[in-house]
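Have a look at the structure below, then the notes.
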Amino acid sequence: MLNIYYKPQFIRQIKKLSPAAQDEVIEKIELLKHEKNHAALKIHKLHGKLKGTLSFSVNYKDRIVFEYVSKDEISLLVIGNHDVYN
């Protein structure tokens, strides 16, 4: 099981989401904690200025960008629409 850490920016962004969207994000983060679910989340590496980070979709609109801090620790960086890649 992976340990999850939240950057302050991520926390601010999640608070701006609707309660239903927040529940969906929490559900996906719970899946993220178990590496066996990573294929189901369709986690993918990012390129360009976000090289070294990874991402997955919460729904058709929102994505989470994160990075591995260590083998068993993940830091959630940002959440938002496709603009988080810019």
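The values are calculated or read from the model by the stated rules, or taken from the named source; none is laboratory data. The structure presented is a predicted model; accordingly, all values stated were derived computationally and were not measured. Backbone-built Cβ (ideal geometry, glycine too); neighbour counts: all protein chains shown.
With the requirement that a residue be hydrophobic (A, V, I, L, M, F, W, C) and over 17 Å from Q9 (Cα atoms), what does the stretch 28-57 give you?
Answer for the stretch 28-57, where residues must be hydrophobic (A, V, I, L, M, F, W, C) and over 17 Å from Q9 (Cα atoms): L31, L32, A39, A40, L41, I43, L46, F56.
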Requested in this report: Specify the residue that is surrounded by the most Cβ atoms within 10 Å (Cβ to Cβ); the eligible residues are those in the stretch 22-47 that are over 13 Å from the mean Cα position of the chain (by Cα) and either over 17 Å from Y60 (Cα atoms) or at pLDDT below 95 (or both).
Outcome: N37
Report task. Report whether or not S57 is of a type in the set (G, A, S) and surrounded by 12 or more Cβ atoms within 10 Å (Cβ to Cβ). Result -> yes
Requested in this report: Give the number of residues within the stretch 1-58 that are in contact (Cβ under 8 Å) with a residue 24 or more places away in the chain, among the polar types (S, T, N, Q) and assigned to a strand (DSSP E or B).
Outcome: 2
Query raised in the report: Out of the residues in the stretch 60-86 that are over 19 Å from I11 (Cβ atoms) and polar (S, T, N, Q), which is modelled with the highest pLDDT?
Result: S70
